[in-house]
Amino acid sequence: SHVNNKAIYNIYNKYSNALFVVIIDILDALVIKDDDLLDIFKDYNVLLIVNKTDLMPFNVSDSKINNMFSKTLFNLNKKYPNIRSAILTNKFEDKFNDTFFDVLNDLHANKVVFAGRANAGKSSLINKILHSNFLTTSTYPGTTLEEVEIDYKNYIFIDTPGLVDINNYSTHLNTEKYKLSKIDKTIKPQVFQLYEPQSYFYEGLLRIDIVPTNKCSISFY
């Protein structure tokens, strides 16, 4: 059941005249300018969806997130003029569907390919749009193994397997460690007051050594 990116590119080619809804989760979106993900879609019309904004810490307001991504998108658009529009979304939002269909109408799109990395939340987002649990969702990458065509109103939606990113550490973890590393709730800071050198361990996945010169406060997110 191993997902092969090359096979996924072949699926994309089949639908090259469709609108590609490329879904990235907020944490990947923060580093998107240093990523090669959008190169894969440079020959297609793209609607970019930044998903799971509810993961951001509470002290990062919606307007701060919007400002951050306005700048990012402005710069991305210079490199990728094929990005036609962009939407930010979180799982608590109820206006998303209206916005989404407004954008599809503006772009005259009726064939729509949902694409992105494994676990960007594609299947959940499609279920939200369809108001159903039509697609199986899973904590683990690679649940969708071939494309699924869905007729909805006067649209054809195509769900595709998630691309595997070999540069992402989580691709190389076993199921148990993957579960520990997956961020699916709002990120909260953990604050420590340190007076002497300390090491911070996280579940055998990470170690950070901190050597303060005098008393210091350290926040982990």
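Quick rundown of the values:
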| item | result |
| --- | --- |
| Near pairs, Cβ below 8 angstrom, 6+ apart or cross-chain, from the range 146-163 (free of Cβ contacts under 8 Å to residues at least 12 places away in the same chain and acidic (Asp, Glu)) to any residue that is surrounded by fewer than 17 Cβ atoms within 10 Å (Cβ to Cβ) and assigned to a strand (DSSP E or B) | GLU149/ILE156 |
| Output for the range 56-65, where each listed residue is surrounded by fewer than 17 Cβ atoms within 10 Å (Cβ to Cβ), at pLDDT 90 or above and under 25 Å from SER123 (Cα atoms) | PRO57 |
| Pairs, first under 18 Å from ILE187 (Cα atoms) in the range 205-220, second open to solvent by 60 Å² or more (accessible area, probe 1.4 Å) and in a strand (DSSP E or B), C-beta under 6 Å, six or more apart | ILE218/PHE192; SER219/VAL191; PHE220/GLN190 |
| Residue in the range 84-91 that is small (Gly, Ala, Ser), modelled with pLDDT of 90 or more, surrounded by 15 or more Cβ atoms within 10 Å (Cβ to Cβ) and part of a loop (DSSP other than H, G, I, E, B) present | no |
| Residue list for the range 29-70, filter: in a loop (DSSP other than H, G, I, E, B) and over 17 Å from the mean Cα position of the chain (by Cα) | LYS42, ASP43, TYR44, PHE58, ASN59, VAL60, SER61 |
| Which numbered condition LYS33 fails, given (1) at pLDDT below 90; (2) among the charged types (D, E, K, R); (3) in contact with a strand residue (DSSP E or B) (Cβ under 9 Å, 6 or more places away or on another chain) | (3) |
| Of all residues making up the range 1-36, the number that are open to solvent by 40 Å² or more (accessible area, probe 1.4 Å) and among the β-branched types (Val, Ile, Thr) | 1 |
| Every pair of residues 6+ apart whose Cβ atoms lie under 8 Å, when the first sits in the range 53-82 and is over 26 Å from ILE40 (Cβ atoms) while the second is open to solvent by less than 90 Å² (accessible area, probe 1.4 Å) and in a helix (DSSP H, G or I) | ASP62/THR53 |
| THR89 being touching a Phe, Trp or Tyr at 6+ places or on another chain (Cβ under 6 Å) and within 25 Å of LYS188 (Cα to Cα) | yes |
| Qualifying residue in the range 144-153 (condition: in a loop (DSSP other than H, G, I, E, B) and either within 15 Å of the chain's Cα centre (by Cα) or modelled with pLDDT of 90 or more (or both)) | yes |
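Each row is one residue, and each column tells you yes or no for (1) open to solvent by less than 80 Å² (accessible area, probe 1.4 Å); (2) modelled with pLDDT of 90 or more; (3) more than 16 Å from the chain's Cα centre (by Cα).
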| site | (1), (2), (3) |
| --- | --- |
| ALA109 | yes, yes, yes |
| ALA115 | yes, yes, no |
| ASN133 | no, no, yes |
| ASP159 | yes, yes, no |
| VAL164 | yes, no, no |
| ILE183 | yes, no, no |
| PRO197 | no, yes, yes |
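The values are calculated or read from the model by the stated rules, or taken from the named source; none is laboratory data. Worth saying up front: this structure is predicted, and the values here are computed from it rather than measured. Ideal geometry is used to build each Cβ from the backbone, glycine not excepted, and the neighbour counts take in all protein chains shown. Side chains included, ligands, DNA and RNA excluded: accessible areas come from the protein's heavy atoms. Shrake-Rupley method; radii C 1.70, N 1.55, O 1.52, S 1.80 Å.
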